[in-house]
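Before any comments, here is the structure.
The values are calculated or read from the model by the stated rules, or taken from the named source; none is laboratory data. These numbers were taken from a predicted model, which means no experiment stands behind them. Neighbour counts are summed over all protein chains in view; Cβ atoms, including those assigned to glycine, are modelled from backbone coordinates with ideal geometry.
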Amino acid sequence: MVLDKIKKPNDIKKLSQEELDVLPDEIRQFLIDKLSITGGHLASNLGCVELTMALHLICNLPDDKIIWDVGHQTYTHKILTGRKEGFDSLRTFGGMSGFPKREDSPCDAFNTGHSSTSIAAGLGIAWAREMQHKNNKVISVIGDGALTGGLAWEALNSVAALKKNFVIVLNDNNMSISENVGALSKQLSKMRTSENYRELKGEIQTSLEKIPVYGDRIVAKIRNTKNGIKQLMVPGMIFEEMGIMYLGPVDGHNLNALVSVLHQAVQYDGPVLVHVLTKKGKGFLPAERHPSRFHGTAPFDKEKGLPLKKSGPTYTDIFSTVMRKMGDRDDKVVAITAAMADGTGLKRFRNMFPNRFFDVGIAEEYAVTFAAGLAVSGMKPVFAVYSSFLQRAFDQMIHDVCIQNLHVVFAVDRAGLVGADGDTHQGIFDLSYLSLMPNMVVCAPKNKWELSDMMKFALKYDGPIAIRYPRGAVYAELEDHRQAIELGKAEEIYRESGRVLLFAVGSMVKVAVEVREILAKEGIDVDLTNARFVKPLDVDYLEDAKERYDLIVTMEENVLSGGFGQHVNDVLRNKDYAGEILNIAIPDRFVEHGAVEALLESMEMDAPSVAKRIRNLVGKDREF
């Protein structure tokens, strides 16, 4: 196989044209084979095989820098830099990350995981190159979806100031440009970037400007006429107006065409945008037909394209059902997503109530302020967003929602550990950053029924409120424990004769139940309370608990710093609690990729580890 000849960076340059012709098919088959076992981001990677090959053919890695946006499309890049063997452990605990990691390879120029960052990061790297008097290539790759993010446009606004070569590759897999316009644009860009044309244009302009009185006017007239024609016929005119040379669109699956246009781009003395058209999921029919389904996929049957395991209902499914019902009952309920209608479960709401559904693109900051505008006008906006992505709208939540005490519901999906996507996606900070905001209410359900009840409570509540719930299958136990939701009130689940209290929030209630069962077999009785609210805390309950328990164990799937446990600590210390407190929380570090169960065990947050920690504190001679 040709793929076996790729053992280290730049080996692709040693291949013959015949070998380059067959390599894309081999890479795609390799990815399908491996990801059908491990799972991962398939569709995006199948779509940019030739593009990645072209970048490696014109670059000398690691001296040249390729900055990937999001980074979920870098599997071919990993293969071409000698990491093929790592795919057997892709996204597993201790294995290879699915995203670029500088610590993994010097060919990974910048760690990514969130969208719309590559142009800003690449521009910083390019400016550093100039200040350090280097001449290496700097290329940022960004998708058409990521280009909807405000950060990308903030960076584009500054690109023209560089005046030196900096290449932006726009990987457009939406196929939104028609054939005729695309063909014309390709011809114009080819002519504009040829060496003879650029020299001729410069000579004509210089000569005309020397004509007394009328020279400058003639040049301005020609330029205005030329720009007018471009605006009518060239799709990249918006970039040209920003001082960025536009090339394309080019067929993103034609390797020779890609190499040719990229070679032109890196020779241009100034910033360049290369517009590349690709097909997401190319080479695997199920992924071509359903790219969103294969964006991030679990292990699947290669022949049928179906998941190997059938999963039960998720918290996202429950949220989806509740939103649809509440939308039907109340025409003021409005749903907002930041390019994640499928991922956050809003697809059904969109289909039923299209006039009350808004997809703002990858623009979380705008989504929050937009929601504030809806709320101040009497609507009931629900912004469904992943915990890790909501971090980007921190200022807007404080400034535009909380200061005005507006009724905006934040449905915080993928809260807590998300597993295989790793440190950029773990939703482990939301309890901390949400609970420090005045006027914000923060709550978390213990199971699927409580999520439904909390959503209904949130839509009736008048003020900012966030409900955080985890990724994956719902917890379907404790159905009999379904007390009505009251603001800031905890729910006692098991109250017996124990002197140890497990005070858990959200997903950790399930772990607490398991801890209680383990300790009960050892003759250690513990009580269990579902906190429900992180803010406001049930201070009255804690007042009672400090008199009854010698050990209070807080449990949360969030960092300890600023989280649920620390808030409980503050209340108990202020009340002169004489007992011991054990905080079960994520330590002060970023959490790598891996199965959630493995990650919990590594941080001593799984049920056996928590039971052991409690056992050590209780001791054999103490009367608990």
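Computed values, structure above
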{"item": "Unmet criterion (only one of (1) more than 21 Å from Leu35 (Cα to Cα); (2) without any contact (Cβ under 8 Å) to a residue 40 or more places away in the chain; (3) crowded, with 22+ Cβ neighbours inside 10 Å) for Ile67", "result": "(2)"}
{"item": "Residues of segment 264-294 classified as acidic (Asp, Glu) and closer than 24 Å to Met340 by Cα, total", "result": "1"}
{"item": "Which numbered condition Phe294 misses (of (1) touching a Pro at 6+ places or on another chain (Cβ under 9 Å); (2) assigned by TED's automatic domain parsing to the domain that holds Ile12; (3) among the aromatic types (Phe, Trp, Tyr))", "result": "(2)"}
{"item": "Candidate set: segment 307-327, residues that are touching a Pro at 6+ places or on another chain (Cβ under 8 Å) and in a loop (DSSP other than H, G, I, E, B); chosen: the one surrounded by the fewest Cβ atoms within 10 Å (Cβ to Cβ)", "result": "Lys309"}
{"item": "Number of positions in segment 89-103 that are within 14 Å of Asp69 (Cα to Cα), touching a residue at least 40 places away in the same chain (Cβ under 8 Å) and not aromatic (Phe, Trp, Tyr)", "result": "1"}
{"item": "Helices (runs of 4 or more DSSP H) completely within segment 1-96 that count 1 or more residues being farther than 29 Å from Ser116 by Cβ", "result": "17-38"}
{"item": "Restricting segment 465-494 to residues that are in contact with a helix residue (DSSP H, G or I) (Cβ under 7 Å, 6 or more places away or on another chain) and part of a strand (DSSP E or B), the residue that is nearest to Ala420 (Cα to Cα)", "result": "Arg468"}
{"item": "All positions within segment 442-496 that are touching a Pro at 6+ places or on another chain (Cβ under 8 Å) and among the β-branched types (Val, Ile, Thr)", "result": "Ile467, Val474"}
{"item": "Lone unmet requirement of (1) of a type in the set (Gly, Ala, Ser); (2) buried (at least 24 other Cβ atoms within 10 Å of the Cβ); (3) within 26 Å of Lys510 (Cβ to Cβ) for Ser435", "result": "(2)"}
{"item": "Lys101 of a type in the set (Lys, Arg), under 26 Å from His41 (Cβ atoms), outside any helix (DSSP H, G or I) and at pLDDT 95 or above", "result": "yes"}
{"item": "Residue among Gly145, Gly94, Gly71, Gly149 that is farther than 23 Å from Ser292 by Cβ and modelled with pLDDT under 95", "result": "Gly94"}
{"item": "Residues within segment 322-352 that are over 25 Å from Pro286 (Cβ atoms) and free of Cβ contacts under 8 Å to residues at least 40 places away in the same chain, tallied", "result": "8"}
{"item": "First in segment 450-477 and farther than 23 Å from Leu537 by Cβ and not assigned by TED's automatic domain parsing to the domain that holds Val322, second anywhere and surrounded by fewer than 21 Cβ atoms within 10 Å (Cβ to Cβ) and among the acidic types (Asp, Glu), Cβ under 8 Å, 6 or more apart", "result": "Val474/Asp317"}
{"item": "Test set (1) within 31 Å of the chain's Cα centre (by Cα); (2) surrounded by fewer than 16 Cβ atoms within 10 Å (Cβ to Cβ); (3) touching a residue at least 40 places away in the same chain (Cβ under 8 Å) - Arg589 fails condition number", "result": "(3)"}
{"item": "Filtered residue count, segment 287-306, keeping only those that are among the aromatic types (Phe, Trp, Tyr) and in a loop (DSSP other than H, G, I, E, B)", "result": "1"}
{"item": "Residue that is nearest to the chain's Cα centre (by Cα), among those in segment 152-175 that are assigned to a loop (DSSP other than H, G, I, E, B) and at pLDDT 95 or above", "result": "Asn165"}
{"item": "Ala126 vs. criteria crowded, with 19+ Cβ neighbours inside 10 Å, in the same structural domain as Glu50 (by TED's automatic domain parsing) and farther than 25 Å from Gln391 by Cβ", "result": "yes"}
{"item": "Odd one out for Ile398, checked against (1) of a type in the set (A, V, I, L, M, F, W, C); (2) surrounded by fewer than 22 Cβ atoms within 10 Å (Cβ to Cβ); (3) in contact with an Asp or Glu (Cβ under 9 Å, 6 or more places away or on another chain)", "result": "(3)"}
